[in-house]
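The structure's right below; bear with me while I get my questions together.
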Amino acid sequence: MGTMTRQAASSSARQLARKLVTAVLLLGGLTFSATASAALTSANWDPGSQRAVLRAGLMRDLGGSFNGAAGLTAAQANQAMIAFAAAAQSPYGATSAAAPAVRATRSPVMLQAFDRMLVAQLGLADVAAHVQAATSAAGLNPPGYYGTEVVARYLGLRYNHPSSSDQLELFPTDPITRGEAAWSLARALNFGSWNTQDARQTLTGYGLPALGSNELQALRIAVSRIGYPYVWGGTTDDTSDGLAHGGFDCSGFAWRVFKVSGFSWGRRIGGRTAAQQAGEIPRSQRLHASALQPGDTLFFGSAHFNSTATEANVIHEGIYLGDNWVIHSSGQGVYVLPLRGSWLGDQFAWGRRVIY
């Protein structure tokens, strides 16, 4: 059920470490109250980012407290984008502040709307539109925020809460909190031009092949979950699996697409973890990167093509969209990366055909 990322490798490595440490503690019997953890962290889980946006004038205290657990209003979001443009001296090509999130200034701002505003302020709205259009052209019926979330999460603009605080995670359609907004803005303030140039160069190459009817069925489910949070052990869209929040770990995402959906192809999958799914097919059925087709599951780690799959050497899983693009659940939640040209390519072990 492992997780990694690329462009924010060091940040996601720290996030992964926190999740794994928490899991080990829980499995070892050192349990603690998730409710108590939430009470301590829901408002001020990252005071450093809150101080940074206060110093930069992007956000203001509310009644003497930052109040990170409060929802971000449209007025606050609009002001933050105007101040961001001034603080960053508009190095990204954005000519003006992003359009208001919503017209009613006291209305809450959804996470996907905030990401749209920040992606636009970073000068990448056209890249998001390209990704959206290419996915629609392939017949995948993506949600309207798909392109924005692909760009935002490629940039590493979302925070992955530790497992003990998974109840703080947000769906793209949830109202964003002031704390989450502060974390994203503080991260964007530290960007250099290479961050946006890399995103532009990589994601303008995004495109998908023609897809068959079976591939469309499976991959429509996959792309519809763009931006769902990474939740260790998660396999469902809600809390029906007994976890604190809906979402997926890496193999849980594949489980959601192929097993929970009830598709007949899912019966071919028996194991729950990435290593189990990678190891339950004979070596003769393993796929090299050159043989991949849309809908194949991909396995990553230190394993080589002829290795025996173990929980130690196969630690991540994704689903192939085609033309070098992979959708997976990792430190940025459900998002998209290229296979070649990212850490996924460096860690690729083999693929598996699920749709026949």
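The values are calculated or read from the model by the stated rules, or taken from the named source; none is laboratory data. What you are looking at is a predicted structure, and each value in this text was computed from that prediction instead of being measured. Every residue, glycine as well, gets a Cβ built from its backbone with ideal geometry; the counts of neighbours run over all protein chains shown.
Do we have residue 251 as farther than 25 Å from residue 210 by Cβ, out of contact with any Cys (no Cβ under 8 Å at 6 or more places or on another chain) and in a loop (DSSP other than H, G, I, E, B) here?
It is false that residue 251 is farther than 25 Å from residue 210 by Cβ, out of contact with any Cys (no Cβ under 8 Å at 6 or more places or on another chain) and in a loop (DSSP other than H, G, I, E, B).
What helices (runs of 4 or more DSSP H) completely inside the stretch 1-120 contain at least 1 residues that are at pLDDT below 95 and aliphatic (A, V, I, L, M)?
Of the helices (runs of 4 or more DSSP H) lying wholly inside the stretch 1-120, those with at least 1 residues that are at pLDDT below 95 and aliphatic (A, V, I, L, M) span 9-27, 34-41, 74-87.
While we're looking at this one, here's another question. Specify which of the listed residues (150, 223) is in contact with a strand residue (DSSP E or B) (Cβ under 8 Å, 6 or more places away or on another chain) and outside the structural domain of residue 343 (by TED's automatic domain parsing).
After applying the criteria, what remains is 150.
Within the stretch 43-59, which residues are touching a residue at least 12 places away in the same chain (Cβ under 8 Å) and exposed (fewer than 13 other Cβ atoms within 10 Å of the Cβ)?
Within the stretch 43-59, 48 is the sole residue that qualifies.
Just to check your reading of the model, which residue among 290, 330, 342 is hydroxyl-bearing (Ser, Thr, Tyr), touching a residue at least 40 places away in the same chain (Cβ under 8 Å) and surrounded by fewer than 23 Cβ atoms within 10 Å (Cβ to Cβ)?
342
Scan the stretch 201-247 for residues that are on the phi > 0 side of the Ramachandran plot and either among the aromatic types (Phe, Trp, Tyr) or surrounded by 16 or more Cβ atoms within 10 Å (Cβ to Cβ) (or both) and report the count.
Qualifying residue count for the region: 3.
Which condition number does residue 152 fail, the rest of (1) under 14 Å from the mean Cα position of the chain (by Cα); (2) not in a helix (DSSP H, G or I) being met?
Of the numbered conditions (1) under 14 Å from the mean Cα position of the chain (by Cα); (2) not in a helix (DSSP H, G or I), the odd one out for residue 152 is (2).
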